[in-house]
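Following: one structure in structure tokens, then a few remarks.
The values are calculated or read from the model by the stated rules, or taken from the named source; none is laboratory data. This is a predicted model, so every value here is computed, not measured. Neighbour counts are summed over all protein chains in view; Cβ atoms, including those assigned to glycine, are modelled from backbone coordinates with ideal geometry. When the accessible area is computed, the model is the full protein with side chains, heavy atoms only, and any ligands, DNA or RNA have been set aside. Shrake-Rupley method; radii C 1.70, N 1.55, O 1.52, S 1.80 Å.
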Amino acid sequence: MQSTYKAVEVSAPGVLRVVERPIAEPGAGQVRIRVEACGICHTDAATVTGVYPGLTLPRVPGHEVVGRIEALGSGVSKWKIGQRVGVGLIAGEDGVCQPCRRGDMVNCENPVVSGVTADGGYAEVMIAEARAIASVPDELTSADAAPLLCAGITTYNALRNAGLRGGDLVAVQGIGGLGHLGVQFARQMGFHTVAIGRGRDKEKLAKDLGAHIYIDTAAEDAAAVLQRMGGAKAILATGTSGGAMGPLVSGLAARGKLIVVGVPGDQIQLNAFPLVFGGRSIYGSLTGTAIDSEDTLAFSVLENIRPMIETAPLEQAADAYARMMQGKARFRMVLVTKDGVARGVKNAA
Ligand SMILES: NC(=O)c1ccc[n+]([C@@H]2O[C@H](COP(=O)([O-])OP(=O)(O)OC[C@H]3O[C@@H](n4cnc5c(N)ncnc54)[C@H](OP(=O)(O)O)[C@@H]3O)[C@@H](O)[C@H]2O)c1
Ligand SMILES: [Zn+2]
Ligand SMILES: [Zn+2]
């Protein structure tokens with residue numbers, strides 16, 4: 001077996017470069033995964049630019065990882081060599097902080113974060129905590145499963161935990177990696193589904209993904225359109241602009257919720273009136289745990305939900321990342337390794 005593997009690391013802020021690294025053995029409670037595919041999430045920008053709290057460089061980004069287990073650390077009993085698994089962003093909890101002790105592992109105060117505190121999936125090999133990996137069903141290709149492990153779980157969990165009922169008017173703002181999956185989940189969960197984007201170019205795609213209605217914010221005031229429809233019970237804000245999020249509160253029905261999953265760099269400005277008069281609320285939602293990932297994957301198989309992806313070889317990570325940052329990806333860039341190709345994952349180049 002080879003003693004080294006290829007990885008793409010952030011060596012300095014803004015610099016993604018291909019490197020060769022020695023293969024390490026997994027520690028106690030860990031597994032070593034032979035990576036087949038890894039999605040490129042917008043959150044990777046916080047690693048690439050070096051701003052993610054707690055990050056030290058060099059670091060391999062990537063937290064939408066699918067591959068096969070090739071080595072087990074001591075004490076790992078649940079998983080088997082050869083099993084196909086996935087790793088998301090929050091990839092291990094400490095088990096001792098207050099949120100953990102209350103069973104709220106996703107909000108662990110000292111988590112293992114793929115691509116931030118530990119090397120992630122822009123690589124041929126990744127070491128992961130066995131307690132935080134998810135089993136990947138056979139129905140999904142590795143390239144299709146990968147985006148479901150962050151973009152998918154984040155939107156799926158936010159929607160399913162929002163206290164909504166079938167038929168509720170639910171809007172998804174931002175039709176990117178997260179949003180294009182959010183639209184599919186909202187539709188398949190039985191909601192009256194509205195997609196909110198900028199410009200007409202994504203309208204057909206959004207409707208093909210299941211949106212009943214598309215609102216173009218370049219031409220219309222999204223909040224006013226939603227109010228004409230009776231007001232949204234929830235708006236899932238996935239975009240990277242805080243300026244675009246605040247005004248959406250006025251599009252909510254009484255008791256409606258603006259669920260923030262996008263993490264813009266700018267502030268979200270809020271007007272107190274629609275919050276107070278109508279009891280509307282705004283809160284954030286952070287991805288989910290490994291078992292939530294398994295739920296996301298299972299629901300996607302059940303309802304035939306798949307990400308729309310563009311694949312690229314691992315070695316072209318920098319170009320693929322740039323394409324995502326430019327908003328050109330439709331809708332998720334997925335890096336495929338040589339093992340992924342050998343296992344039948346199709347690659348664009
Ligand atoms: N909460 C979590 O656990 C979690 C998990 C993953 C990602 N995230 C965050 O979610 C956000 C989206 O990630 P992604 O991977 O989906 O990114 P992406 O594929 O790059 O998509 C970016 C989205 O932002 C929208 N956008 C960009 N500029 C905008 C503007 N000025 N006004 C309105 N919308 C704008 C785009 O909307 P259009 O469709 O109109 O072009 C697009 O839908 C990022 O901030 C990421 O860090 C959070
Ligand atoms: Zn992500
Ligand atoms: Zn904890």
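Of the residues in the range 278-285, none is open to solvent by 50 Å² or more (accessible area, probe 1.4 Å), modelled with pLDDT of 95 or more and on the phi > 0 side of the Ramachandran plot. Each residue in the range 314-340 was checked for being free of Cβ contacts under 8 Å to residues at least 24 places away in the same chain and either assigned to a helix (DSSP H, G or I) or among the small types (G, A, S) (or both), and 3 pass.
Could you list, in sequence order, the residues of the range 293-315 that are crowded, with 21+ Cβ neighbours inside 10 Å and of a type outside the set (A, V, I, L, M)? Residues satisfying the conditions are S293, T296, S300, P307, T311. Scanning the range 82-99 for residues that are open to solvent by 50 Å² or more (accessible area, probe 1.4 Å) and more than 16 Å from ligand 3 (Cβ to nearest atom) turns up at least one hit. Restricting R228, R160 to those that are farther than 23 Å from M324 by Cβ and free of Cβ contacts under 8 Å to residues at least 12 places away in the same chain reduces the list to R228. Residues in the range 196-212 that are open to solvent by 20 Å² or more (accessible area, probe 1.4 Å) and either without any contact (Cβ under 8 Å) to a residue 12 or more places away in the chain or out of contact with any His (no Cβ under 8 Å at 6 or more places or on another chain) (or both): 8 in all. Given the structure, is L178 among the hydrophobic types (A, V, I, L, M, F, W, C) and crowded, with 24+ Cβ neighbours inside 10 Å? It is true that L178 is among the hydrophobic types (A, V, I, L, M, F, W, C) and crowded, with 24+ Cβ neighbours inside 10 Å. Assessment of the range 186-195 against the conditions (touching a residue at least 24 places away in the same chain (Cβ under 8 Å), touching a Lys or Arg at 6+ places or on another chain (Cβ under 7 Å) and charged (D, E, K, R)) yields no matching residue. Once the range 73-92 is narrowed to residues that are over 22 Å from A146 (Cβ atoms) and touching a residue at least 40 places away in the same chain (Cβ under 8 Å), the residue that is farthest from ligand 2 (Cβ to nearest atom) is S74. In the range 96-107 there is no residue that is away from ligand 2 (no atom under 13 Å from the Cβ) and closer than 23 Å to E36 by Cβ. Out of T287, T311, one residue alone is within 16 Å of A151 (Cβ to Cβ), of a type in the set (S, T, Y) and not in a strand (DSSP E or B). It is T287. Looking at G210, G242, just one residue is of a type outside the set (S, T, Y), in contact with a Pro (Cβ under 7 Å, 6 or more places away or on another chain) and more than 16 Å from P274 (Cα to Cα), and that residue is G242. Only one of the listed residues (V183, V170) is surrounded by 24 or more Cβ atoms within 10 Å (Cβ to Cβ), in a strand (DSSP E or B) and away from ligand 3 (no atom under 16 Å from the Cβ). That residue is V170.
I'd like to check something: does the range 60-67 contain any residue that is open to solvent by less than 30 Å² (accessible area, probe 1.4 Å), away from ligand 1 (no atom under 16 Å from the Cβ) and under 16 Å from A118 (Cβ atoms)? Yes - at least one qualifying residue is present in the range 60-67. Just one of the listed residues (R323, R332) is farther than 17 Å from R160 by Cβ, open to solvent by 40 Å² or more (accessible area, probe 1.4 Å) and not acidic (D, E), namely R323. Among the criteria (1) closer than 22 Å to L89 by Cβ; (2) surrounded by 16 or more Cβ atoms within 10 Å (Cβ to Cβ), the one N347 does not fulfil is (1).
Scanning the range 133-153 for residues that are open to solvent by 10 Å² or more (accessible area, probe 1.4 Å) and in a helix (DSSP H, G or I) yields a single hit, D144.
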